[in-house]
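The values are calculated or read from the model by the stated rules, or taken from the named source; none is laboratory data. Not measured: the values here are computed from a predicted model. No Cβ is skipped: glycine too gets one built from the backbone with ideal geometry, and neighbour counts run over all protein chains shown.
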Amino acid sequence: MIKQLKSKRDFAESRHKTALRVLQRHTSAFLAALFLAVLTVQAALLSGCASEQEPEELIVVDQTEAESVYTLAIAERGDVIKTRDVSCSYKQLEEQDVSFAVSGKRVSEVCVSLDDVVEKGQVLARLGDNGASDRIEELEYQIARNRLLLAHSRENEQGEIEAIRLQYEYRSGRTEAEAQAANESMEAVRQRYGYEQEDLADAISLDSLELESLKKETADSQIYAEIDGTVSWIAPNLEGSTSVKDTPVIRIVDGSECLFTVSDMAQADIFHEGEPVDLRISVGPARGDYKLLPWQMDTWESEGRLVFTFAEEYGVTVEMGTSGTITAVTDKREDVLHVPPRAVHTADGKSFVYCLGEDGMREIRWVETGLHGDDSIEIISGLAEGETVILR
């Protein structure tokens, strides 16, 4: 009898425990459903108060989010900076690509070698002149000789005329017949010398035209250095080849002064006269961070040029062709409220952040943003300094 009573008591206790567990499950489910319903109504009321004409996006927060571990940040004041990167390279300030002015002639002589130092006006190469040099010397001699003969002819003419005039004045009776004879003699002298002088002048003129033509041809058959510098390139197998007009055959570079250059002139708006920009060189013996200044921006056309600020303080040697990255500030807001970019989200063209409420639950805060900088976003309204925002 005692065993039966104990068995019935154990059975009753077991059923009681089972009922309690069922009741707890139903109660938890009921409370969770009630919690979600309250949040839904609350979000709807907030949305309705914000705008009666355009309902805003409703975001339901699951109960389990309260148990999540968030990455947080503080809304604080400071500078918001936006920058832009532009590639640049280091090269000489001036260079000259040399070419011949005529086509179809044989290159008879290359007067320089690679890495030669040359001066402005120095002959770099010549084309075959087909005896033009000898003809130029001959013409220059003929012109000089004929000019001398012309001068002597004019002197002789004046001497003979003067002798006739003196003969008439001092050794004649100055009769009308003698005067007429003297005039006729002087006219004959003028005519005779006139023919001679005309021939000499014509010869000088013709020779001068030929000389000018040959000199131009000779000049076109030679190329010269227009700057002081160093021969950095010579076309392969240049000597003995045939010239092609305006095709570069030799390059001269002036390595005495080099600059950083920017070829992408669509980015030129980020530079301003007198405002330094940051430069980073990542490879090579000059790797490091520097400051550059725009150089003579009024001369910028196909490329922008920049120089070191306080170059003597850097104490580095930059090799020609070294590449770098320029970082320039394109916009800036000083002493404004800001948060990290990861904290700001958008919905329907509007911005919002998630804040951590006093109860540990996240809540939406609609904000107005300003400048979107590299590392932070300006907050114009919707947050106060010191408030906590959720990054993740």
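What pairs come out if I take residues in region 273-291 that are under 10 Å from GLY324 (Cβ atoms) and pair them with residues that are loosely packed, with under 13 Cβ neighbours inside 10 Å and of a type in the set (S, T, N, Q) whose C-beta lies under 7 Å away, six or more apart or interchain?
Hits for this filter: ALA286/THR317.
Would you check which residues across region 176-230 are hydroxyl-bearing (Ser, Thr, Tyr) and in contact (Cβ under 8 Å) with a residue 24 or more places away in the chain and list them?
Of everything in region 176-230, those that are hydroxyl-bearing (Ser, Thr, Tyr) and in contact (Cβ under 8 Å) with a residue 24 or more places away in the chain turn out to be TYR193, SER208, THR218, SER221, TYR224, THR230.
Which condition number in (1) at pLDDT below 95; (2) over 22 Å from GLN122 (Cα atoms) is the one that GLN92 fails?
(2)
For every residue, the table says whether it meets (1) out of contact with any strand residue (DSSP E or B) (no Cβ under 8 Å at 6 or more places or on another chain); (2) in the same structural domain as GLU378 (by TED's automatic domain parsing); (3) at pLDDT 90 or above; (4) loosely packed, with under 14 Cβ neighbours inside 10 Å.
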site: VAL231; (1), (2), (3), (4): no, no, yes, no
site: THR247; (1), (2), (3), (4): no, no, yes, yes
site: PRO276; (1), (2), (3), (4): no, yes, yes, no
site: GLU303; (1), (2), (3), (4): no, yes, yes, no
site: THR309; (1), (2), (3), (4): no, yes, no, no
site: GLU312; (1), (2), (3), (4): yes, yes, no, yes
site: THR325; (1), (2), (3), (4): no, yes, yes, yes
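What single numbered condition from (1) under 35 Å from the mean Cα position of the chain (by Cα); (2) buried (at least 17 other Cβ atoms within 10 Å of the Cβ); (3) touching a residue at least 40 places away in the same chain (Cβ under 8 Å); (4) assigned to a strand (DSSP E or B) fails to hold for GLU334?
(2)
Hey, does region 366-381 have a residue that's of a type in the set (A, V, I, L, M), more than 30 Å from SER89 (Cα to Cα) and not in a strand (DSSP E or B)?
no
Scan (1) farther than 30 Å from GLY357 by Cβ; (2) out of contact with any strand residue (DSSP E or B) (no Cβ under 9 Å at 6 or more places or on another chain) for the single condition VAL118 breaks and write down its number.
(2)
Hey, among the residues in region 257-267 that are exposed (fewer than 15 other Cβ atoms within 10 Å of the Cβ) and in contact (Cβ under 8 Å) with a residue 12 or more places away in the chain, which one's nearest to ASP85 (Cα to Cα)?
Restricting to residues being exposed (fewer than 15 other Cβ atoms within 10 Å of the Cβ) and in contact (Cβ under 8 Å) with a residue 12 or more places away in the chain, the top hit is ASP264.
As an exercise: evaluate GLU140 against (1) exposed (fewer than 13 other Cβ atoms within 10 Å of the Cβ); (2) touching a residue at least 12 places away in the same chain (Cβ under 8 Å); (3) among the acidic types (Asp, Glu) and give the number of the one condition it does not meet.
Against the list (1) exposed (fewer than 13 other Cβ atoms within 10 Å of the Cβ); (2) touching a residue at least 12 places away in the same chain (Cβ under 8 Å); (3) among the acidic types (Asp, Glu), GLU140 comes up short only on (1).
If I ask for residues that are surrounded by fewer than 16 Cβ atoms within 10 Å (Cβ to Cβ) and in a strand (DSSP E or B), which ones from region 102-126 would you list?
The answer is ARG106, SER108, GLU109, VAL117, VAL123.
Can we say ASP264 is among the acidic types (Asp, Glu) and in the same structural domain as THR83 (by TED's automatic domain parsing)?
yes
Just the residues that are loosely packed, with under 14 Cβ neighbours inside 10 Å and aliphatic (A, V, I, L, M), please, taken from region 207-225.
Correct list: LEU209, ALA219.
With the structure loaded, tell me whether SER153 is at pLDDT 95 or above, outside any strand (DSSP E or B) and of a type in the set (Ser, Thr, Tyr) or whether it fails that test.
Considered against the rule, which asks whether it is at pLDDT 95 or above, outside any strand (DSSP E or B) and of a type in the set (Ser, Thr, Tyr), SER153 comes out as yes.
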